[in-house]
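The values are calculated or read from the model by the stated rules, or taken from the named source; none is laboratory data. What you are looking at is a predicted structure, and each value in this text was computed from that prediction instead of being measured. Ideal geometry is used to build each Cβ from the backbone, glycine not excepted, and the neighbour counts take in all protein chains shown. Ligands, DNA and RNA are stripped out before the accessible areas are found, and what is left, the full protein with its side chains, is counted by its heavy atoms. Shrake-Rupley method; radii C 1.70, N 1.55, O 1.52, S 1.80 Å.
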Amino acid sequence: MTPLTLYPEKSTERTRWILKQRGPKTPHAPLIPYGNFLEAEPGPDGTPWLCHTLLLTNRECAFRCLMCDLWQDTLDTPTQPGAIAAQVQEALSVPGVARALKLYNAGSFFDPGQVPRDDYSEIAAHIRNSEFDRVIVESHTAFLSGKHTEHVLAFRDAIAPATLEVAIGLETVHAQALEKLNKHMSVEDFRRAAGFLTENKIALRVFLLVRPPFLSEDEGVEWGCRSLDTAAACGATFAALLPTRAGNGALEMLAAQRHYAPPTLQSLEACLRYGLGLGTKMRVTADLWDIEPFVHNDDDRACVARIAVMNTSQRAG
């Protein structure tokens, strides 16, 4: 193994290394969301409700996070003005029964390079016509501070009476592991962003990784639980636990260097039980999307079944 394959210690070199491990992107039409589906999740009162989820097609995120594979479905060209509004309009043209709308854009909804701000008013009009109770978007903390906050608040007001919810990929509160993920954010950045959202009556959703790279299996569980503590303390109303998945080239390279291994389903279950046992109003789920690569035997299949029940019931039971 040559030194060029090793994960760089210097942050300035990590983006270059991450990009070097990539394969090709999946081609997508710029005016059509690459994902459009209904999914159930626990609503604000803990009982299941339907979400209409759109995976928007737009320019790639400005950040090159180590574990991310969402870049595979993004464009190398700038997002066309009107493109996101057109995707939302087409997807919402048929009346539905979902109470929440997820606008996930493989990055940050409030990054003007990904979602042009001139599209906000038209997007909001389509949302109001569909009468959703809640609209969930994702954002890096960098777009929840400074000059960006006025645009966040403007979008919040434009979609009223629907509640705005912003999902942040905190990933882990293990400071060294978070820094190595190349997210260009700290736990303190997350706390400040959470404070801004709470102060302005915007709900907070948090994405957390179970066993991110550079942590052992036991450390993955410990820091998954610590991360849930931080999310709850910062007022999160929803925490989604994601088993750290390979598939982006970079994690395969780290696996060969013994810096990464996927978590066991038992570790995912342990973190979920911990989160549900906190006694807070924060809903907690464990992501079971494409879970088959984690399933190796009957014990694992039983574990998946238990997780599915806990996701729905919101009880550690």
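Results, tabulated for the structure shown:
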{"read-out": "Glu199 versus Ser186: modelled label distance in nm, points set 7 Å from Cα along the beta carbon direction", "value": "1.9 nm"}
{"read-out": "Accessible-area composition of the range 1-121, carbon plus sulfur, in percent [1.4 Å probe]", "value": "59 percent"}
{"read-out": "Per-selection Kirkwood Rh - the range 131-171 (Cα, Å, 1 d.p.)", "value": "10.8 Å"}
{"read-out": "Residue-wise HN-Hα coupling along the range 98-109, computed from phi with Karplus coefficients 6.51, -1.76, 1.60 (Hz; x: Gly, Pro)", "value": "5, 9, 10, 10, 9, 10, 9, 10, 6, x, 10, 4"}
{"read-out": "Linear extension gain, Thr15 paired with Glu252, 0.36 nm per residue minus alpha-carbon span", "value": "83.7 nm"}
{"read-out": "Simple spin-label estimate for Asn36 and Asn297 in nanometres, 7 Å along Cα-Cβ", "value": "4.5 nm"}
{"read-out": "Efficiency of FRET from Cβ geometry, Glu90 and Thr47, R₀ 25 Å, rounded to 0.05", "value": "0.25"}
{"read-out": "Scattering curve values for the range 179-317, log₁₀ I(q)/I(0), Debye with Cα scatterers, q = 0.11, 0.12, 0.15 Å⁻¹", "value": "-0.42, -0.49, -0.76"}
{"read-out": "Distant alpha-carbon pairs in the range 19-149 (separation over 19 angstrom), percent", "value": "50 percent"}
{"read-out": "Full-stretch length increase - Arg99, Ala125 - with 0.36 nm per residue and alpha-carbon distance subtracted", "value": "7.7 nm"}
{"read-out": "Residues of the range 179-306: accessible area per residue with a 1.4 Å probe, Å²", "value": "43 Å²"}
{"read-out": "Carbon plus sulfur fraction of accessible area for the range 176-252, probe 1.4 Å, in percent", "value": "51 percent"}
{"read-out": "Chymotrypsin sites (Phe, Trp or Tyr not before Pro) restricted to DSSP loop in the range 231-296 with at most 15 other C-beta within 10 Å", "value": "Trp289"}
{"read-out": "Cα-Cα separations in the chain greater than 25 Å, expressed as whole percent", "value": "50 percent"}
{"read-out": "Check: the chain dipole with +1 on Lys, Arg Cβ and -1 on Asp, Glu Cβ, in debye", "value": "400 debye"}
{"read-out": "Computed label-point distance, nm, for sites Glu219 and Leu6 using a 7 Å Cα→Cβ extension", "value": "1.7 nm"}
{"read-out": "As computed over the range 169-231, the Cα convex hull volume per residue (Å³)", "value": "68 Å³"}
{"read-out": "Accessible solvent surface per residue of the range 46-160, calculated while the other protein chains remain in place, 1.4 angstrom probe, Å²", "value": "39 Å²"}
{"read-out": "Net charge dipole size for the range 1-142 [Lys, Arg +1 and Asp, Glu -1 on Cβ; Debye, nearest 20]", "value": "500 debye"}
{"read-out": "Overall Cα dimensions of the range 239-315 - principal axes, largest extent first, Å", "value": "39, 27, 17"}
